[in-house]
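J.: The structure that follows is given in the form of structure tokens.
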Amino acid sequence: MSRLPFITFEGSEGCGKSTQVQRLAARLDCAGVPYLVTREPGGTAIGESIRELLQFAPQGVGMTPHTELLLFEASRSQLVREKIKPALGHGLCVISDRFFDSTTVYQGVARKLDRQIVEQLNAFAIGDCRPDATFVLDVDPGIAHSRMRHTARRPDRMEQESTEFYEQVREAYRELAAREPNRIVVIDGSRPEDNIEDEIWEIISRRFPALATNLQSGIQNPQS
Ligand code: TMP
């Protein structure tokens, strides 16, 4: 691979993925590696408006699963073309807090939409922009819920689902990882954050040595 990697983080709500995204970004800063951090839904002006509609807007109440699916894909399609592909093309490492695996799992499995259609829409939205590595933070839904209860933020529309829904999400991520072991790594998210950070960095350094040794030179990080 001649460019820096595209790395995604996945898992259920409260699994700690956003913390690990920040920790990985801090490691890349230390290593002097240029990077872009983004998230889904969101990451662009259009995507952030879609995120608000999906998560908090009163108009989102009563949204059908079909509409939900199309909105996630619309946000993704914009993000890929406006941010991710250009960033990779300019020599940045890209880290995304969620990507197309979320749709496979949440809409394709937990919402029970037609999986083939979900796959086709994912393919349409991402084109050839596939993650090089994906970390799934695996946490018991009970632990994840108690973590969420301790955050100050009000729960969004998606966070009001049943325990059964989150159990399906967890199981679907595990199945996905078993199907794509070369890309997806399942990490035990119940351990201390420092240990998880070390494990992820160790895997990334091994898989993408250019990141750890900062072989890329002369590229400015546009975020700094
Ligand atoms: P989060 O980024 O805070 O985890 O919130 C995003 C929410 O949206 C979360 O409940 C998972 C859900 N989601 C989907 O259902 N499908 C998707 O494709 C994506 C990206 C997120």
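J.: Between rounded, prolate and oblate, where does the chain land on the alpha carbon gyration tensor, with a ≥ b ≥ c its root eigenvalues, rounded for a/c under 1.5, else prolate if a/b exceeds b/c?
T.: Prolate, because a/c is 1.5 or more and a/b exceeds b/c.
J.: For Arg39, which sequence-distant residues (separation of 5 or more, or a different chain) have an amide H within less than 5 Å of its own amide H, given hydrogens modelled in the peptide plane?
T.: Under 5 Å from the amide H of Arg39: Asp97.
J.: Summing Lys, Arg as +1 and Asp, Glu as -1, what charge do residues with Cβ under 15 Å from the Cβ of Gln59 carry, Gln59 excluded?
T.: Details: positive: Arg51, Arg157; negative: Glu52, Glu68, Asp156.
Result for the neighbourhood of Gln59: -1.
J.: Would you mind checking which residues have amide H under 5 Å from Val94's amide H? H placed 1.01 Å from N; only 5 or more apart, or other chain.
T.: HN-HN under 5 Å from Val94: Phe6, Ile7, Leu36.
J.: While we're looking at this one, here's another question. Using a 1.4 angstrom probe on the protein heavy atoms only, could you order Asp194, Asp128 from most to least accessible area?
T.: My answer, sorted largest first, is Asp128, Asp194.
J.: Return the long-range amide H neighbours of Val136 (sequence gap of 5 or more, or a different chain), with a cut-off of under 5 Å between placed amide H atoms.
T.: Glu10, Val185, Val186, Ile187
J.: Further question: Per residue, how much accessible area does the chain have with a 1.4 Å probe, in Å²?
T.: I get 49 Å² per residue for this part.
J.: Now for a different question. Quick check on the chain: helices-only [θ] at 222 nm, where DSSP H runs of length 4 and up contribute -39,500 (n - 2.57) each and the sum goes over total residues. Nearest 500, please.
T.: -15000 deg cm²/dmol
J.: Right, something else. Using each residue's phi in region 124-129, evaluate 6.51 cos²θ - 1.76 cosθ + 1.60 at θ = phi - 60° and report the 3J(HN,Hα) Karplus result to the nearest Hz, with x for Gly and Pro.
T.: Result, rounded to whole Hz: 5, 6, 9, x, 9, 8.
J.: Let me ask you something else. What's the local net charge at Leu176, with K and R +1, D and E -1, over the other residues with C-beta under 12 Å away?
T.: -2
J.: Convert each backbone phi in region 201-207 into a coupling constant with the Karplus relation 6.51 cos²θ - 1.76 cosθ + 1.60 (shift: θ = phi - 60°), then list the ³J(HN,Hα) values in order as whole Hz, x for Gly and Pro.
T.: These are the phi-based 3J(HN,Hα) values: 5, 5, 5, 5, 5, 6, 6 Hz.
J.: Still on this structure, I have one more. Excluding Pro131 itself, calculate the net charge of residues whose Cβ lies under 15 Å from the Cβ of Pro131, where each Lys or Arg counts +1 and each Asp or Glu counts -1.
T.: So the surrounding residues net to +4.
J.: Next question. Gaussian network model of the chain, Cα springs within a sub-10 Å range: biggest mean-square fluctuation belongs to which of Leu176, Leu79, Leu137?
T.: Looking only at Leu176, Leu79, Leu137, the biggest GNM fluctuation is shown by Leu176.
J.: Relative to the Cα centre, what is the charge dipole magnitude of the chain, using +1 at the beta carbon of each Lys and Arg, -1 at the beta carbon of each Asp and Glu, and rounding to the nearest 20 debye?
T.: Details: 27 positive and 32 negative charges, 97 e Å.
Computed about the Cα centre, the dipole is about 460 debye.
J.: Rank Lys85, Lys17 by accessible area, highest first, at a 1.4 Å probe radius?
T.: The residues order as Lys85, Lys17, largest area first.
J.: Moving on. Using a 1.4 angstrom probe on heavy atoms only, work out the carbon and sulfur share of the accessible area of region 69-213 in %.
T.: 52
J.: Apply the Karplus curve 6.51 cos²θ - 1.76 cosθ + 1.60, θ = phi - 60°, to the phi angles in region 41-58 and return the couplings in whole Hz, x for Gly and Pro.
T.: x, x, x, 9, 4, 5, x, 5, 5, 5, 4, 4, 5, 5, 9, 10, 5, x
J.: Express in Å², to the nearest 10, the accessible area of Tyr106 obtained by rolling a 1.4 Å probe over the protein heavy atoms while all chains stay in place.
T.: 10
J.: In percent, what relative contact order does the chain have, based on Cα pairs under 8 Å that are 6 or more apart in sequence?
T.: Details: 328 pairs, mean separation 73.4, N = 224.
With pairs under 8 Å counted, the relative contact order is 33 percent.
The values are calculated or read from the model by the stated rules, or taken from the named source; none is laboratory data. Just so it is clear, the structure is predicted and the values come from calculations on it, not from any experiment. Glycine gets a Cβ as well: all are built from the backbone with ideal geometry, and neighbour counts include every protein chain shown. Please note that ligands, DNA and RNA were not included when accessible areas were found on the heavy atoms of the full protein model with its side chains. Shrake-Rupley method; radii C 1.70, N 1.55, O 1.52, S 1.80 Å.
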